[in-house]
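Some notes on the structure that comes next.
The values are calculated or read from the model by the stated rules, or taken from the named source; none is laboratory data. Owing to the predicted nature of the structure, the values given are computational and were not obtained by experimental measurement. FYI the Cβ positions are ideal-geometry reconstructions off the backbone, even for glycines, and counts take in every protein chain you see. Note: areas computed on protein heavy atoms with side chains; ligands, DNA, RNA excluded. Shrake-Rupley method; radii C 1.70, N 1.55, O 1.52, S 1.80 Å.
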Amino acid sequence: MARKYHFYLIIVLLATSLALGVVGALLRATVAQDVEQLKDIPAPAVPLLLLADPTLLEASQAPGPETLSKPGSLPPTVSPEEPASEPIAEQPETAPAENTGERPLPSVEEDLSSAGGQQEAPASGQEGTPTLGAVEETYFDDALFVGDSRTLGLAQYGRLGQADYFADSGMTVFNVLETKVSDENFSKTTLPDLLAERTYGKIYLMLGINEIGYPFESLTAQYESVVETLRSMEPQATIFLCANLHVTEAAAEATPRLAPAHMEELNGRIAALADGETIFYLDVNPLFCDENGYLKMDLTGDGVHPYGTGYQLWAQWLMGCGLEEVQGSS
């Protein structure tokens, strides 16, 4: 009799496992297809993980900004059939006027001047606190930029010195330590392996927009954990926490979680991690946004990613946010 019950139990377990596998495969192919955490786990585990953390599915309901276009997307007049795997051609200095009604982009000098030219460092209240100032491009030779598709756009259009760029579309604070990425200076590797192989004097981190659908508490806790990992692996590096760039009004209306107030809530939590001594907060939004906090329409083609000239403008702005001259004079 006991053997009979054991046989039935095995049948039930097999049937349950098969059912979970089928449901998991269907979920991963439909409503959860954009959830990064579910891509590399066995199909039977997918329903169980979604039950344990329903926010995973909530975050995937609305298309994230990374799905709107590839990094540094070219203006609408450029053929969309260009292979995504090939480097995107450098953009002209002006946004396309044909069929778009867009104004020419302001010059780098005009926008840097109107935005103040450089970012102030958080004040610590102590005499001798480092402040930020203009630096040469060689300042970035020992820098590492970590981020999502906007950082990838910087690598394509606004590359600085000999800096490394660990960036990928869809990158989040939840997958940044496991994702494998390659750059022109290194082959495909994970971030911990890259940090173990190389020594960096500066690390620029910009993540958060892809995962902004998560509860702020869990998002910022994971963000802090990533910063702690960077600090433990590169104790000598200065860490720059970069604010997430806002989106246009149209993009925010299509995805309400990207509204300026929501973005500022996230960026404020990131800024709170800076100490003004070895960790600094940089916010490029005043350079790119209008008076209402929206990304200016003439700087973007998809409402999320700047044009190539925008990334060049961003790179020039970063050159006004260095510590080298101040530290060298102290």
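Overview of results
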item	result
Answer from L299, L282, L295 - the residue that is closer than 22 Å to A155 by Cα, open to solvent by less than 10 Å² (accessible area, probe 1.4 Å) and touching a Pro at 6+ places or on another chain (Cβ under 6 Å)	L299
Some residue of segment 211-231 being in contact with a Cys (Cβ under 9 Å, 6 or more places away or on another chain), surrounded by 21 or more Cβ atoms within 10 Å (Cβ to Cβ) and among the hydrophobic types (A, V, I, L, M, F, W, C)	no
Test: N292 is more than 17 Å from the chain's Cα centre (by Cα) and modelled with pLDDT of 95 or more	yes
Subset of segment 260-286 [aliphatic (A, V, I, L, M) and closer than 22 Å to W314 by Cβ]	M263, L266, I270, A271, L273, A274, I279, L282, V284
Sole exception among (1) under 21 Å from A221 (Cβ atoms); (2) of a type in the set (V, I, T); (3) open to solvent by 10 Å² or more (accessible area, probe 1.4 Å) for T255, by number	(1)
Number of positions in segment 147-185 that are in contact (Cβ under 8 Å) with a residue 24 or more places away in the chain, part of a strand (DSSP E or B) and open to solvent by 10 Å² or more (accessible area, probe 1.4 Å)	1
Criterion: in contact (Cβ under 8 Å) with a residue 24 or more places away in the chain, under 27 Å from G310 (Cα atoms) and over 16 Å from the mean Cα position of the chain (by Cα) - qualifying residue of I279, I212	I279
Test: G213 is modelled with pLDDT of 95 or more and either small (G, A, S) or in contact with a Gly (Cβ under 8 Å, 6 or more places away or on another chain) (or both)	no
Selected residue [on the phi < 0 side of the Ramachandran plot, surrounded by 21 or more Cβ atoms within 10 Å (Cβ to Cβ) and touching a strand residue (DSSP E or B) at 6+ places or on another chain (Cβ under 7 Å)] from K188, K202	K202
Failed criterion for A243 (all others in (1) closer than 22 Å to M319 by Cα; (2) open to solvent by 10 Å² or more (accessible area, probe 1.4 Å); (3) under 16 Å from the mean Cα position of the chain (by Cα) hold)	(2)
Selection within segment 282-305 - within 30 Å of E228 (Cα to Cα) and either free of Cβ contacts under 8 Å to residues at least 24 places away in the same chain or not in a loop (DSSP other than H, G, I, E, B) (or both)	L282, N285, P286, L287, F288
Residues of segment 227-266 classified as β-branched (V, I, T) and part of a loop (DSSP other than H, G, I, E, B), total	3
